[in-house]
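The values are calculated or read from the model by the stated rules, or taken from the named source; none is laboratory data. Because the structure is a prediction, the values reported are computed rather than measured. Reconstructed Cβ throughout: ideal geometry from the backbone, glycine too, with neighbour counts over all protein chains shown.
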Amino acid sequence: MKVWLLASAAGLAVAGCSPGPTTIASAPPPAENHTPVAYAANWPEAHSPAAITDAATEAAIDALIAKMTLAQKVGQVIQADISAIQPDDLRKYPLGSILAGGNSGPNGNDRASAAEWDALVRAFRKVSMEPRTDGVAIPILFGVDAVHGHNNIPGATVFPHNVGLGATHDPELIGRIGAVTAAEIAGSGIEWTFAPTLAVPQDGRWGRAYEGYSSDPAIVAAYSAEMVRNLQGPLVAGKPLADDKVAATAKHFLADGGTEKGQDQGDARISEAELVRIHNAGYPPAIDAGTLTVMASFSSWNGAKHHGNKSLLTDALKGRMGFEGLVVGDWNAHGQVPGCEPTDCPQALEAGLDLYMAPDSWKGLYENTLKRAEAGEIPKDRLEDAIRRILRVKFKLGLMDGQPDTRGNLSVIGSPAHLAVAREAVAKSLVLLKNEGSALPVKPGAKVLVTGPGADDMAMQSGGWTIGWQGTDVTKADFPNGQTIWEGLSQAVRDVGGQAALSKDGSFSQKPDVAIVVFGETPYAEFQGDRPHLDFTGEGLATIEALKAKGIPVVSVFLSGRPLFVGPEMDASDAFVAAWLPGSQAGSGIAEVLVAGSNGRTKRDFTGTLSFAWPAGCEPGAETLFPLGFGGSYTAKPTVPALATTCSLSGGSRGDGFAVYDRGLQSGIWAFTGDTGLVNLVGSGPGFKATAFDIAAQEDARRLTWTAPASLQLRWDAQELPQTAALKMRVSVAKAPAAAITLKALGDKAKGPLDLTPTMKLVEGKGMRDIEIPLACIADGAVTGVEIASAGAFVFELETIAVVPQAAQMDCTGPF
C-alpha cells in the first residue's frame, strides 16, 4: 500500500485505449499463454468458507442495499486516508472506509499512542453511524498497514520482516505471530490490517523483496493460511470475529514479486503458467482459510494493469478461486489504468475492484462516480455486488450489530508475552552462513567489542514500515520495551562475567577477544529500495578489515531486506550471520544464539535456513553462492564455497554513462518533487505534475508541468564519472518559459544553479530536440542527481534523460 508522501499516478486518456482485459477467453487455453488474459481452466479451484455468505447475513445485506440511496452506494466503494479527511466530512460524503497510510497518524502525529488511534477510529465510526434523513447509516471500515506487528504504534511488538520469518520455516510460529499482531491491532481499536503479503520475489533488486516470505512458492503457500487463520480466528456462520481478531488482506494480487528487473509497480512479463505456479501460490490457501479481503497489485501482467484486468480480478479470483470477500485497491493505483485518473475510473470497478483506495483523491472520485452512476454508466449489478462484498466484511467484523465496539484493549500492546514471541522469531530467523575458527559462540567471560553502523540503531534493525513509511527516523525511544543489538549483546555478555564495549568505528582502548560488527542496509520501503544491482555498497568492510589486521576474530551480523553480494565482507569475517530486519527485539533474540552461558552453550542454536538463494556475484542473475535451504549451526558448521571478493560491475563506477529515464524511470533512479515521491516519474506535488503520454509506445514519455515555483529532483547513488560527462535530455517545448528555468547538481560537490531559460527558449516549437549540459558546469565531482526548477508556470515534454561519458562540447555559457 502506498503512503501519504507518495504521489498518485495518473494515466492520460488515449483515444481507442481499452481499460484492459474484460473477460476470460472462451477458447481452450493455449499451452503457453503470454497475453494478459487469464483462462479459467489454468487456475486452481478454491472457495471462501460458507461462514462468510450464510443465508441470514445475505438477507440482512439485501435489506440494507434496498434502503441505501445511490449516493450511499457510491460512497461505500471509496476509501480515504486520515490525512485527507476528517470525521465531520462523513456527514456529507458517506464513504465506506478509512485507512491510515504509512506516514499517516492521528492528528498528523506519526507517534500517536494506541489510545489516540482508538479515539480516532471511534470518532470516524460515530459520525458514520449518525441517523440519516434518507438511506441508512452504515459504519466505516478502518484499515492500517500492520505488516510486521502493529508497526505504527510506539511500544508495540515489532516482529522481523517477512524475509526473516521465511528463514524460520516455521508455520506454527507464523500463526502465533498472526494472533499477537491481531490482538495488538484490535487493542488500538482497528479492525483491518493490510497483511499478509503473499508476494514471491524473484529478483532481489526489488525494493519490497523483504515483504515476501520466500522466493519459493511452497513456503509462501504454507504460511498464508496460518497467518490468515490467526489474524481472523475461526469463522462461524452468523457470528462476528472475536474482539481480539481483525480482517486479513492477502496482497498484492498478483505477481508484484515477478516484475521485469525487480521494478516496483512494474510489469511481470511472464506466461500464465508461471503466474499461476509461482505468484498465485499463496492465494488459494488464504481464500480457503477465509481471508476477508484481497488487495490488487499496482503492477501489470504483460502490459495490463491489474486494477483494470477483469480476467484476473473477476474471473480468476472471484470466479475460479471462489473469493467472496472484498477486493481493495492500492494507493490511487486505479489511476494508472489507461484512460483513468485517480478521481475517475469506472474501468477498475467494472474489472472487479470493490473498494477504491483513494487516499487524497476520494472527493473527486466520489463526485465523478456518483455522476456516472446517476447517468446509468455504472452497472447496477456490479456496484451492488461490490457493496455486498464490503458489507459481508463489516458483518463479519461485528460492525453491523448495533452493539458498542469492544475492541480497544490497550493493555495487550507490547505485553511481555507478545515480546517473547518476537524474541523467539528473531532467534529462529538467524542464518549462519560462515563460522570458522572459534569466534562463535561468544564464550563466557570474553571481552567483546560491538561495533558497526547497525550495532546501536533501532531504525536499521527494524527496517521500513516502522512508525513511518520509510522507517528512517525510528529511535530507541520509540520502543522502550525493545533492545538494540548492542543492548542485548552487552547484557548477555555481562551476565556471564564478560566485558562489552560499544564503538561506532571499531576503535577500542582494550583489545577484545572478539569483535561483533553489525552492518547492512539502511531503512527503505517500496520503490525507494529498488536497486540496479545486488552489490552491497554500505559501510562495514573497512571496520572488519581493520579489526582483522589487529588479530581480532570478527563476527559479522548483516542486516538486510534481501540477500546481497557481500563477498569481501564475508571473506574477511571469521563468522557471518544473516540477521535480516529483526525488529524491536533484535538485541535479546540475537544474544540468545550468539552468546554462550556459563555451561558453554547458547540458549538456542542456529535453526534458520535461507528462504532465498544467496548470490555469488553482484550482477543481476548472478550464480548462486548458497542455495535456498542453506544454513549452518554449532553442530553442523556451514561449508563456504570460494568467494568472489570484487564486484563485476566495477565497484559502482559508471564510466560509460547510464540512462536516467528511457520509456520509464530506470532502476536505481528516484524522482521527487519536494517531499513527494514520483513513482516512475508520474505524480504530482505542490506546483508540479508529471503525467505519462505516448510517443513510440504506450506511456513512454512524460509531460512535466509547473503551475507555480517548484522543482523536480532525479536522484541516484553517488557515481564516479569522467570529467567529460554530460547530462543529455531529449525534450520538446511548445511555449517558451516566462520565468527562470534552472538546473543544478545534487551532492556535496554541486555548484550553483545553471540557467536553462535561454536553452528552453531556443528549442521552442521545434519538436523533440537534444540538449546536453556538461556535468562540469554544475559540479566539481561526483553527483547524486540533478534538480530542474522553474520559477513559474512552464510545460515541457521529456522523451529521454541520460548521463553520457563524453559531452559534445565543454562550454558552460549556453544555450546548450
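Here are some conditions: (1) outside any loop (DSSP other than H, G, I, E, B); (2) out of contact with any helix residue (DSSP H, G or I) (no Cβ under 7 Å at 6 or more places or on another chain); (3) aliphatic (A, V, I, L, M). Val593 meets all but one. Which one does it not meet?
Val593 satisfies all of (1) outside any loop (DSSP other than H, G, I, E, B); (2) out of contact with any helix residue (DSSP H, G or I) (no Cβ under 7 Å at 6 or more places or on another chain); (3) aliphatic (A, V, I, L, M) except (2).
Search segment 592-603 for residues that are under 13 Å from Ser633 (Cβ atoms) and pair each with any residue that is assigned to a helix (DSSP H, G or I) when their beta-carbon atoms are under 6 Å apart and the residues are at least 6 apart or on different chains.
That search, which allows pairs on different chains as well, returns Val593/Ala427; Thr602/Val593.
Has segment 163-174 got at least one residue that is under 16 Å from the mean Cα position of the chain (by Cα), among the small types (Gly, Ala, Ser) and more than 28 Å from Ile78 (Cβ to Cβ)?
Checking segment 163-174: at least one residue is under 16 Å from the mean Cα position of the chain (by Cα), among the small types (Gly, Ala, Ser) and more than 28 Å from Ile78 (Cβ to Cβ).
Given the criteria assigned to a strand (DSSP E or B), more than 31 Å from the chain's Cα centre (by Cα) and not aromatic (Phe, Trp, Tyr), does Glu797 qualify?
Against the criterion (assigned to a strand (DSSP E or B), more than 31 Å from the chain's Cα centre (by Cα) and not aromatic (Phe, Trp, Tyr)), Glu797 does not qualify.
Okay, residues lined up against (1) in contact with a Lys or Arg (Cβ under 6 Å, 6 or more places away or on another chain); (2) crowded, with 24+ Cβ neighbours inside 10 Å; (3) of a type in the set (A, V, I, L, M):
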residue	(1), (2), (3)
Gly164	no, yes, no
Gly178	no, yes, no
Ile190	no, yes, yes
Val200	no, yes, yes
Asp203	no, no, no
Trp206	no, yes, no
Gly212	no, yes, no
Ala222	no, no, yes
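Look through Gly175, Gly166 and report the one residue that is within 22 Å of Leu254 (Cα to Cα) and assigned to a helix (DSSP H, G or I).
Gly166 is the lone residue from the list that is within 22 Å of Leu254 (Cα to Cα) and assigned to a helix (DSSP H, G or I).
If the requirement is being over 26 Å from Arg372 (Cβ atoms), in contact with a Pro (Cβ under 8 Å, 6 or more places away or on another chain) and not hydroxyl-bearing (Ser, Thr, Tyr), which of these qualifies: Glu130, Glu116?
Criteria check complete, one pass: Glu116.
Please find, within segment 664-682, the residue that is farthest from the chain's Cα centre (by Cα) out of those that are over 20 Å from Arg208 (Cα atoms) and touching a residue at least 60 places away in the same chain (Cβ under 8 Å).
Selected residue: Thr673.
Take Arg730 and tell me if it is part of a strand (DSSP E or B), buried (at least 18 other Cβ atoms within 10 Å of the Cβ) and in contact with a helix residue (DSSP H, G or I) (Cβ under 8 Å, 6 or more places away or on another chain). Can you show your working first?
Details: part of a strand (DSSP E or B): yes; buried (at least 18 other Cβ atoms within 10 Å of the Cβ): yes; in contact with a helix residue (DSSP H, G or I) (Cβ under 8 Å, 6 or more places away or on another chain): no.
No; evaluated as a whole, the condition is false for this residue.
Those residues that are among the polar types (S, T, N, Q) and within 29 Å of Ala636 (Cβ to Cβ), I need them from segment 422-481; list them, please.
Ser429, Asn435, Ser438, Thr451, Gln461
Checking Thr645 against (1) in a loop (DSSP other than H, G, I, E, B); (2) in contact with a Gly (Cβ under 6 Å, 6 or more places away or on another chain); (3) crowded, with 18+ Cβ neighbours inside 10 Å; (4) of a type outside the set (A, V, I, L, M), which single condition isn't satisfied?
(3)
Restricting to segment 18-40, and then to whatever is out of contact with any Lys or Arg (no Cβ under 8 Å at 6 or more places or on another chain) and either modelled with pLDDT of 90 or more or surrounded by 17 or more Cβ atoms within 10 Å (Cβ to Cβ) (or both), can you tell me which residue is farthest from Glu341 (Cα to Cα)?
Pro29
So Pro582 clears everything in (1) in contact with a helix residue (DSSP H, G or I) (Cβ under 7 Å, 6 or more places away or on another chain); (2) under 17 Å from Val442 (Cα atoms) except one condition, right? Which one?
(2)
For Leu625, state whether it is crowded, with 24+ Cβ neighbours inside 10 Å, in contact with a strand residue (DSSP E or B) (Cβ under 7 Å, 6 or more places away or on another chain) and among the aliphatic types (A, V, I, L, M).
On the way: crowded, with 24+ Cβ neighbours inside 10 Å: no; in contact with a strand residue (DSSP E or B) (Cβ under 7 Å, 6 or more places away or on another chain): yes; among the aliphatic types (A, V, I, L, M): yes.
Taking the combined requirement at face value, the residue does not satisfy it.
Select from segment 82-133 the residues that are assigned to a helix (DSSP H, G or I) and touching a Gly at 6+ places or on another chain (Cβ under 7 Å) and list them in ascending order.
Step one: of segment 82-133, the residues assigned to a helix (DSSP H, G or I) are 87-91, 106-108, 114-128.
Hits for segment 82-133 are Ala114, Trp117, Asp118, Val121, Arg122.
Check segment 58-72 and report whether any residue there is touching a residue at least 40 places away in the same chain (Cβ under 8 Å), polar (S, T, N, Q), assigned to a loop (DSSP other than H, G, I, E, B) and under 21 Å from Thr369 (Cβ atoms).
Yes, segment 58-72 contains a residue that is touching a residue at least 40 places away in the same chain (Cβ under 8 Å), polar (S, T, N, Q), assigned to a loop (DSSP other than H, G, I, E, B) and under 21 Å from Thr369 (Cβ atoms).
I'd like to verify a number: residues in segment 692-727 that are under 24 Å from Pro532 (Cα atoms) and surrounded by 15 or more Cβ atoms within 10 Å (Cβ to Cβ), how many?
Residues flagged as under 24 Å from Pro532 (Cα atoms) and surrounded by 15 or more Cβ atoms within 10 Å (Cβ to Cβ) within segment 692-727 amount to 18.
Pick from Pro532, Pro563, Pro568: which is surrounded by fewer than 22 Cβ atoms within 10 Å (Cβ to Cβ), in contact with a Gly (Cβ under 8 Å, 6 or more places away or on another chain) and touching a residue at least 12 places away in the same chain (Cβ under 8 Å)?
Checking each option against the conditions leaves just Pro532.
Would you pick out the residues in segment 122-137 that are under 34 Å from the mean Cα position of the chain (by Cα), of a type in the set (A, V, I, L, M, F, W, C) and farther than 10 Å from Leu90 by Cα?
Across segment 122-137, the qualifying residue is only Ala123.
If you check Val763 against the conditions, is it in contact (Cβ under 8 Å) with a residue 60 or more places away in the chain and of a type in the set (A, V, I, L, M)?
Judged against the criteria, Val763 is not a match.
For Ala549, all conditions in the list (1) among the aliphatic types (A, V, I, L, M); (2) in contact with a Phe, Trp or Tyr (Cβ under 9 Å, 6 or more places away or on another chain); (3) without any contact (Cβ under 8 Å) to a residue 12 or more places away in the chain hold save one; what is the number of the exception?
That leaves (2) as the condition not met.
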